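*Asks:* Pasting a structure here, questions to come.
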Amino acid sequence: MTDEAGGETTAGSALVLVTDSSTVEETVEYAARKVRELAAETDSRLTLTIGTPVVEDVPQTETPDFDALLETATDVAERATTLTDPEGAVDVETERIYRYRYPFDPYEYADVVQSYATEHGIDSVIVDPSHATPGTRPMTGSIADRLADQTTLDVDIAPVDRQTRPASIVTRGGLAQFLSVFGISLGFYLLVGGFADVTFDLVTGTIAALLVAGVLSRVTFERTPRPTRMVSSVFRWLVYVPYLGYKILVANFQIAYVVLHPSLPIDPSVERFEPGVWGGLPMATLANSITLTPGTLTVDVEDRAFVVHSLTAGAREDLLDGGLERAVRFVFYGRSALPYPSPRDRAESEGESS
Amino acid sequence: MIEGPVSTILFAGALGFVTISIVLLGRILVGPTMQDRVIALNVVGSNVVVVIALLAAAMELPAFLDVALVYALLNFLMSIAISKFTVEQGGVL
Amino acid sequence: MVIQGVIAVLVVGGLFFAFVSAVGLYRLPDLYTRAHAASKSDTLGSILSLSAVALAFGADVATIKVVMLVVFMLITSPTAAHAIARAAHEQGIEPWTRGDDR
């Protein structure tokens, strides 16, 4: 995606960070206008880079639709830059700046932005005030504060009205989340109630589910649930569960053999490896699956790396072959994610390159 | 109470699980670390859940299953709470 | 009659794995290896026995609850084992390796 046609960028070039937020268009427009004015002042050719937090090996089903987002942002930027400036003193480029690693927390995120900017001669960054926090760790303060603290870049928060989102309770995403949580809670209530007195259960269940959804709907989902995605993901879970069940069965016979063997043939050791999945739920699923399957137990997650305790050498080999990891990638990212190097191959290629 | 081969099997299974749980009390007493005790206690807890479920089926009292669900929940919470507590040494969850 | 046999097999299987986890908890040398026995064998033992319970109830609302119980155990058991192992890891308890005294 980094084509060399852009050539050397001049000082004054800017980067605007976009994610799935309601003020993206205003932010990009503001950024484009700012860069255009600067270009007119200094009479030079500047580049506006639109960056999104996408890792290439995380397929699009996992993240918000960044392709569409980038397209919209580019349209807005090009319209804003060429409106009063037909010659086009500003180049608009799009870039997935976190190509190789998913930013695990805002600190890493800021580091990645900094190194990208240094590499491409960018000296200012424009941030959407409602830029969603990347990564899986909660953070205090905004991403703009983090960037200002940690980088040498000139950080500018786009003066857009961030009130637009929190003020309205009934956004489409919010409604979908509310209805999903409501439906799930009501269903669970009725199930546990056992359909004995349906009218009574319906009334009390509705009240309880309304309370639950009202309190918890904002924190239940990481992203807006969409029916089509849910259906395909349920289907993939249905493929995964029997596979996991088979693995669990094998695991148990191995454990039974090891434990009941008179000489107790174990060779425990601790491994560290970086899993090929990103985000809270996929990582938790993989960690739990590792714990359930042959001779391996996830002890800790240190930043990106899993610390795995393995009971026997055979279990270690299985883990590094990555069959389970590939299965979890299939569940969360679909069939396109299946071809992927095993943890052992990844470790080897890293060893060669460094 | 329902008589019959199925409920006899289930009662026998429950008895087996209870025996295993009693044997495991030794590990809880021996330790030696806090985590050893918690692991053993966790296993005893899930055995008790199974015993409750087996009794529910053997005596045909589905209401026991609700008890089993709540017990499983509490068992999980206990493990998490104790491990969290020992990591942060007196820290609140 | 067939169902009775299946129930018996499931209960016996569940007891076998519960027994394995108990033996493991006594024989294995340190808490990490014991967590292996606890998280795997005990989960399978519970699941097999709960399947027997589900079969005994047959097609009933109670069966749904048993299925919920199975799913719940499948998720919580490894999570609890992980939490405990992690607590030990952060306390600096070293895992046992070959060559150490038992």
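The values are calculated or read from the model by the stated rules, or taken from the named source; none is laboratory data. Source: prediction; values computed, not measured. Cβ sites come from the backbone with ideal geometry, for glycine too, and all protein chains shown count toward neighbours.
*Asks:* Could you list, in sequence order, all residues of segment A:247-273 that are more than 14 Å from C:Lys40 (Cβ to Cβ), more than 7 Å from chain C (Cβ to nearest Cβ) and surrounded by 14 or more Cβ atoms within 10 Å (Cβ to Cβ)?
*Replies:* Within segment A:247-273, A:Glu271, A:Phe273 qualify.
*Asks:* Another question, then. Can you tell me which residue within segment B:57-72, out of those that are among the small types (Gly, Ala, Ser) and more than 7 Å from chain C (Cβ to nearest Cβ), is farthest from C:Ala88 (Cα to Cα)?
*Replies:* At the first step, the residues of segment B:57-72 found to be among the small types (Gly, Ala, Ser) are B:57-58, B:63, B:68, B:72.
Subset that is more than 7 Å from chain C (Cβ to nearest Cβ): B:58, B:63.
Values: B:Ala58: 39, B:Ala63: 38 Å.
For segment B:57-72, the residue satisfying everything is B:Ala58.
*Asks:* Among C:Val71, C:Val2, C:Val11, C:Val66, which is more than 20 Å from the chain's Cα centre (by Cα) and either within 7 Å of another protein chain (Cβ to nearest Cβ) or more than 17 Å from B:Val43 (Cβ to Cβ) (or both)? Walk me through it before giving the result.
*Replies:* On the way: C:Val71 fails: more than 20 Å from the chain's Cα centre (by Cα); C:Val11 fails: more than 20 Å from the chain's Cα centre (by Cα); C:Val66 fails: more than 20 Å from the chain's Cα centre (by Cα).
After ruling out the rest, the residue left standing is C:Val2.
*Asks:* In the set C:Ser77, C:Ser39, which member is without any contact (Cβ under 8 Å) to a residue 40 or more places away in the chain, surrounded by 24 or more Cβ atoms within 10 Å (Cβ to Cβ) and at negative phi? Walk me through how you get there before you give the answer.
*Replies:* Values: C:Ser39 fails: without any contact (Cβ under 8 Å) to a residue 40 or more places away in the chain.
Going through C:Ser77, C:Ser39 in turn, just one is without any contact (Cβ under 8 Å) to a residue 40 or more places away in the chain, surrounded by 24 or more Cβ atoms within 10 Å (Cβ to Cβ) and at negative phi: C:Ser77.
*Asks:* When the residues of segment B:44-56 are filtered to those that are in contact with a Leu (Cβ under 6 Å, 6 or more places away or on another chain) and facing chain C (nearest Cβ under 8 Å), which remaining residue is nearest to B:Pro5 (Cα to Cα)? Quick ask: steps written out before the conclusion?
*Replies:* Going residue by residue through segment B:44-56, those that are in contact with a Leu (Cβ under 6 Å, 6 or more places away or on another chain) are B:44, B:53-54, B:56.
Going one step further and asking which of them are facing chain C (nearest Cβ under 8 Å), we end up with B:53-54, B:56.
Values: B:Ala53: 17, B:Leu54: 14, B:Ala56: 15 Å.
Restricting to residues being in contact with a Leu (Cβ under 6 Å, 6 or more places away or on another chain) and facing chain C (nearest Cβ under 8 Å), the top hit is B:Leu54.
*Asks:* Given (1) at the interface with chain A (Cβ under 9 Å from one of its Cβ atoms); (2) out of contact with any strand residue (DSSP E or B) (no Cβ under 6 Å at 6 or more places or on another chain); (3) not aliphatic (A, V, I, L, M), where does C:His89 come up short, assuming only one miss?
*Replies:* (2)
*Asks:* Does at least one position in segment B:38-46 carry a residue that is over 15 Å from the mean Cα position of the chain (by Cα) and assigned to a helix (DSSP H, G or I)?
*Replies:* no
*Asks:* Restricting to segment C:14-36, give me the number of residues that are charged (D, E, K, R), at the interface with chain B (Cβ under 7 Å from one of its Cβ atoms) and in contact (Cβ under 8 Å) with a residue 60 or more places away in the chain. If you could, list the steps in order and put the result at the bottom.
*Replies:* Applying the first criterion (charged (D, E, K, R)) to segment C:14-36 yields C:27, C:30, C:34.
Adding the requirement that they be at the interface with chain B (Cβ under 7 Å from one of its Cβ atoms) leaves C:34.
In the following step, the residues that additionally are in contact (Cβ under 8 Å) with a residue 60 or more places away in the chain were identified as none.
Count: 0.
*Asks:* Consider C:Leu50 against the criteria (1) closer than 26 Å to A:Thr285 by Cα; (2) aliphatic (A, V, I, L, M); (3) within 12 Å of chain A (Cβ to nearest Cβ): it satisfies all of them except one. Which criterion is unmet?
*Replies:* Condition (3) is where C:Leu50 drops out.
*Asks:* Now for a different question. Please indicate, with yes or no, whether at least one residue in segment A:193-200 is at pLDDT 75 or above, polar (S, T, N, Q) and farther than 30 Å from C:Ser21 by Cβ.
*Replies:* yes
*Asks:* Is there any pair linking a residue in segment B:73-87 that is within 8 Å of chain C (Cβ to nearest Cβ) and within 11 Å of C:Ala80 (Cα to Cα) to one that is of a type in the set (S, T, N, Q) and crowded, with 19+ Cβ neighbours inside 10 Å, with Cβ under 6 Å and at least six apart or on different chains, and which?
*Replies:* Listed pairs, sorted by first residue: B:Phe76/C:Thr76; B:Ser79/B:Asn42.
*Asks:* Next up: Could we say that C:Phe57 is surrounded by fewer than 22 Cβ atoms within 10 Å (Cβ to Cβ), more than 8 Å from chain A (Cβ to nearest Cβ) and within 19 Å of B:Ala81 (Cα to Cα) here?
*Replies:* Details: surrounded by fewer than 22 Cβ atoms within 10 Å (Cβ to Cβ): yes; more than 8 Å from chain A (Cβ to nearest Cβ): yes; within 19 Å of B:Ala81 (Cα to Cα): no.
For C:Phe57, the condition - surrounded by fewer than 22 Cβ atoms within 10 Å (Cβ to Cβ), more than 8 Å from chain A (Cβ to nearest Cβ) and within 19 Å of B:Ala81 (Cα to Cα) - is not met.
*Asks:* Can you confirm whether A:Arg236 is surrounded by fewer than 23 Cβ atoms within 10 Å (Cβ to Cβ), away from chain C (no Cβ under 13 Å) and of a type outside the set (Phe, Trp, Tyr)?
*Replies:* Working: surrounded by fewer than 23 Cβ atoms within 10 Å (Cβ to Cβ): yes; away from chain C (no Cβ under 13 Å): yes; of a type outside the set (Phe, Trp, Tyr): yes.
Yes; evaluated as a whole, the condition is true for this residue.
*Asks:* For segment C:86-99, indicate whether the set of residues that are buried (at least 24 other Cβ atoms within 10 Å of the Cβ) and hydrophobic (A, V, I, L, M, F, W, C) is non-empty. Even if it seems obvious, please write down each step before you answer.
*Replies:* Let us first name the residues in segment C:86-99 that are buried (at least 24 other Cβ atoms within 10 Å of the Cβ), namely C:87-88.
Right, trim to hydrophobic (A, V, I, L, M, F, W, C) and you get C:87-88.
Within segment C:86-99, one or more residues are buried (at least 24 other Cβ atoms within 10 Å of the Cβ) and hydrophobic (A, V, I, L, M, F, W, C).
*Asks:* Residues in segment A:282-327 that are at positive phi and away from chain C (no Cβ under 13 Å): how many? Full working, then the answer.
*Replies:* Keep residues of segment A:282-327 that are at positive phi, which gives A:295, A:303, A:322.
From what's left, away from chain C (no Cβ under 13 Å): A:303, A:322.
Number satisfying all stated conditions: 2.
*Asks:* Just to be sure before I move on: is C:Pro95 within 8 Å of chain A (Cβ to nearest Cβ) and more than 21 Å from A:Tyr240 (Cα to Cα) in the structure I sent? Let's see the steps before the verdict.
*Replies:* Details: within 8 Å of chain A (Cβ to nearest Cβ): yes; more than 21 Å from A:Tyr240 (Cα to Cα): yes.
Considered against the rule, which asks whether it is within 8 Å of chain A (Cβ to nearest Cβ) and more than 21 Å from A:Tyr240 (Cα to Cα), C:Pro95 comes out as yes.
*Asks:* Just checking, which of A:Pro339, A:Pro262 is modelled with pLDDT of 75 or more, over 26 Å from C:Ala88 (Cβ atoms) and in a loop (DSSP other than H, G, I, E, B)?
*Replies:* Working: A:Pro339 fails: modelled with pLDDT of 75 or more.
Only one candidate qualifies: A:Pro262.
*Asks:* Can you find even one residue in segment B:11-20 that is modelled with pLDDT of 90 or more, at the interface with another protein chain (Cβ under 9 Å from one of its Cβ atoms) and under 22 Å from C:Asp30 (Cα atoms)?
*Replies:* Yes, because at least one residue in segment B:11-20 is modelled with pLDDT of 90 or more, at the interface with another protein chain (Cβ under 9 Å from one of its Cβ atoms) and under 22 Å from C:Asp30 (Cα atoms).
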